[in-house]
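A quick write-up on the structure given underneath.
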Amino acid sequence: MPLKKLIASVDCGFATGAVALTDPNGSFAEVYDLPIVPKEGIDCSVLLDIFIGGSEVSHIVLEYQMGRPRQSCKSTFNLGLGYGQIISCCQISKIPYTFIMPQKWKKRMGLTGLPKGASIELAGEFFPSLRESHLYLKKHEHRSEALLIGKDYTLHGI
């Protein structure tokens, strides 16, 4: 099987999140929960393997992260730690990467103001082969967002 030029897209987190690999023409998609080491954040060796093992990733798109109002100091620190680990993996991989604001991609995908389940539904429409296996529970929202970040990048760029 020939190697494909794939887009890796990441819904960042510390204890949650996902990474998707998508073919820009829409013929291929895989999605993974972010590899986590409990209380330590991202398992960087596994994430690097997703980025550079087996498939040819040409670009990585990361959802931009920042602290939220009324979020605890510990939650903000943990989110920043996980985010930094993901960025470090991008830098080590030497694959070009960019950031996208969540408000920007969600607006372009028509998700602004909708409940989190709407992203699962939309991702299932774009990637029907993953609907039954990877996008069927509420907790799969991170997977759906990772897929949609990649789809938005393919359709609109940054």
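The values are calculated or read from the model by the stated rules, or taken from the named source; none is laboratory data. Since the structure is predicted, the reported quantities are computational estimates derived from the model, not experimental observations. Neighbour counts run over all protein chains shown; Cβ positions are idealised from the backbone, glycine included. Areas reflect the complete protein model, heavy atoms only, side chains present, ligands, DNA and RNA absent. Shrake-Rupley method; radii C 1.70, N 1.55, O 1.52, S 1.80 Å.
Just one of the numbered conditions (1) farther than 23 Å from ILE50 by Cα; (2) at pLDDT below 95; (3) surrounded by 14 or more Cβ atoms within 10 Å (Cβ to Cβ) is not true of MET109: (2). Taking the range 65-86 as the range and being of a type in the set (A, V, I, L, M) and either in contact with a strand residue (DSSP E or B) (Cβ under 7 Å, 6 or more places away or on another chain) or on the phi > 0 side of the Ramachandran plot (or both) as the test, the residues that pass are LEU81, ILE86. SER129 fulfils the conditions (1) of a type outside the set (Val, Ile, Thr); (2) more than 20 Å from LEU6 (Cβ to Cβ); (3) open to solvent by 90 Å² or more (accessible area, probe 1.4 Å) except for a single criterion, (2). Screening LEU137 with (1) within 21 Å of LEU47 (Cβ to Cβ); (2) at pLDDT below 90; (3) open to solvent by less than 90 Å² (accessible area, probe 1.4 Å) gives one miss only, at (1).
The residue that is farthest from GLN103 (Cα to Cα), among those in the range 58-78 that are touching a helix residue (DSSP H, G or I) at 6+ places or on another chain (Cβ under 8 Å), at pLDDT 85 or above and open to solvent by less than 60 Å² (accessible area, probe 1.4 Å), is HIS59.
ILE52 passes every criterion in (1) at pLDDT 95 or above; (2) touching a Ser or Thr at 6+ places or on another chain (Cβ under 9 Å); (3) aliphatic (A, V, I, L, M); (4) open to solvent by 20 Å² or more (accessible area, probe 1.4 Å) apart from (1). The set of residues in the range 63-79 being free of Cβ contacts under 8 Å to residues at least 60 places away in the same chain and under 24 Å from SER144 (Cβ atoms) consists of TYR64, GLN65, MET66, GLY67, ARG68, GLN71, SER75.
Of the residues examined, ILE149 is one that is under 20 Å from ILE7 (Cβ atoms), in a helix (DSSP H, G or I), modelled with pLDDT of 95 or more and within 15 Å of the chain's Cα centre (by Cα).
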